[in-house]
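Encoded as structure tokens, the structure appears first; notes follow it.
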Amino acid sequence: MPELHTRIHGEPDRPAIVLLHGLFGSSSNWGAVARHLAPNFRVLVPDLRNHGQSPHDPDNSYRAMVSDVLALLDAQDMAGATLVGHSMGGKVAMHLALNHPRRVTGLAVVDMSPVRYSHDFNEVLAAFRAVDLARLGNRSDADAQMAHRVTIPGVRAFLLQNLVKRDGTWAWRLNLDALAASQAEILGFPAQSPGAVYAGPAAFIYGELSDYVKQEYEPEIRRLFPAASLCPVPRAGHWVYAEQPEGFMTCLDEYLARLATG
């Protein structure tokens, strides 16, 4: 089991929060949110397996990612924590809460539902493969090579955060082979045991312009998370906390305040 590279903010005696990034992301995505939370919480921000500076492993299942997060809590001597997960990280958080509810003191899922999605990320994988690492001069070259497959500059900038130079050689921090092989797993949601629920307070924070939390998904959300509240963020798409940080923090802060008061 890989030991996750983890950024830690805040004092050890504070309540624990774990921030889990999405597919093709890393712990650095949560920088502003972690700094906002640090005065009142012990904030753990791991790179999930096959991402960032964490080890690579062919198994990128949700079961494996949940085991990694539990091992992180154990290594920090934490009986439990509030989980905040975006996109793929939201599915990790949900799966952990449903199977290990005693380790979860709170759950905030960001722009994700416990369902299987019908889209794929083949085009993004092709964009990564389109970059000729051996002949790359600089990041601008990589951006230009990606542009014909990923037309939105902000999305390319996000993906190119995974490009690093080691000993004079360009490489992707991502384990692209493992992620490609796990595409069906990542887009789905693991089958749960009969009667599995997370009964604690849960917040589903989502972008109004995103289609990851649709009205048709709400029955499944409420079946698995009967105490769930939904908090839409105006003018936000899938990247809620990057696109509308104030609206996102309003939803998250209100949820954390409700947790604190019981």
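The values are calculated or read from the model by the stated rules, or taken from the named source; none is laboratory data. None of the values given here were measured: they were computed from a predicted structure. No Cβ is skipped: glycine too gets one built from the backbone with ideal geometry, and neighbour counts run over all protein chains shown. Note: areas computed on protein heavy atoms with side chains; ligands, DNA, RNA excluded. Shrake-Rupley method; radii C 1.70, N 1.55, O 1.52, S 1.80 Å.
What the table below lists for this structure:
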{"quantity": "Residue among GLU218, GLU246 that alone is open to solvent by 20 Å² or more (accessible area, probe 1.4 Å), outside any strand (DSSP E or B), more than 26 Å from ALA38 (Cα to Cα) and at pLDDT 95 or above", "calculated": "GLU218"}
{"quantity": "Which listed residue, of VAL115, VAL124, VAL150, VAL164, is within 25 Å of TYR241 (Cα to Cα), free of Cβ contacts under 8 Å to residues at least 12 places away in the same chain and over 14 Å from the mean Cα position of the chain (by Cα)", "calculated": "VAL164"}
{"quantity": "Residue that is nearest to TYR117 (Cα to Cα) [pool: residues in region 178-192 that are open to solvent by less than 70 Å² (accessible area, probe 1.4 Å) and not in a helix (DSSP H, G or I)]", "calculated": "GLY188"}
{"quantity": "Elements of type strands (runs of 3 or more DSSP E) contained in region 6-100, each with 2 or more residues being open to solvent by less than 20 Å² (accessible area, probe 1.4 Å) and within 21 Å of CYS231 (Cβ to Cβ)", "calculated": "16-20, 81-86"}
